[in-house]
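Peer 1: First the structure, which I've put down as structure tokens, then a few questions once you've had a look.
The values are calculated or read from the model by the stated rules, or taken from the named source; none is laboratory data. Keep in mind that this is a model prediction, so the values were computed, not measured. Here the Cβ positions follow ideal geometry from the backbone for every residue, glycine too, while neighbour counts run over all protein chains shown.
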Amino acid sequence: MAIILKGVDPNMIANNLNPSQPIHPGEMIKDEIEYRGISQKDLAAEIGIPASVLNAVLNGKRAVTTEYALLLEAALGIDADIWLKLQADYNKQVAKSNPSFMARINRIRNVAAFL
């Protein structure tokens, strides 16, 4: 939800800013396991998924699904809801950075304004 102040561009308020490059939650998971000294291979084995799948998640090529978030919660002790919220935020930022999708959204908003 954007904060609106009279005479202030809402895109310039810190709470409304989005990073220029969306950050995939896999990057944060990768930082966490590196900090803990856990290898991708060992974590993948612990949670029972192929190392190639975990690598794809950590490199932003695959989404953090509910199942992966729950497996990571069990292994790392970090609430699954955090990973799922980060994934949802990432997905939203990616969608909003797509000009053709945003044009479609604006067309729908214009039509809905008359309903």
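Peer 1: Residue by residue through region 53-72, note down the ones that are of a type in the set (A, V, I, L, M, F, W, C), out of contact with any Phe, Trp or Tyr (no Cβ under 8 Å at 6 or more places or on another chain) and assigned to a helix (DSSP H, G or I).
Peer 2: Selection gives Val53, Leu54, Ala56, Leu58, Leu70, Leu71.
Peer 1: Which of the residues that make up region 8-52 are surrounded by 14 or more Cβ atoms within 10 Å (Cβ to Cβ), modelled with pLDDT of 95 or more and assigned to a loop (DSSP other than H, G, I, E, B)?
Peer 2: Across region 8-52, the qualifying residues are His24, Ile38, Ile49.
Peer 1: Could you list all residues from region 78-115 that are outside any helix (DSSP H, G or I), surrounded by 12 or more Cβ atoms within 10 Å (Cβ to Cβ) and among the aliphatic types (A, V, I, L, M)?
Peer 2: Hit for region 78-115 is Ile78, nothing else.
Peer 1: Among the residues of region 48-62, is there at least one that is at positive phi and touching a residue at least 12 places away in the same chain (Cβ under 8 Å)?
Peer 2: Yes: region 48-62 contains one or more residues that are at positive phi and touching a residue at least 12 places away in the same chain (Cβ under 8 Å).
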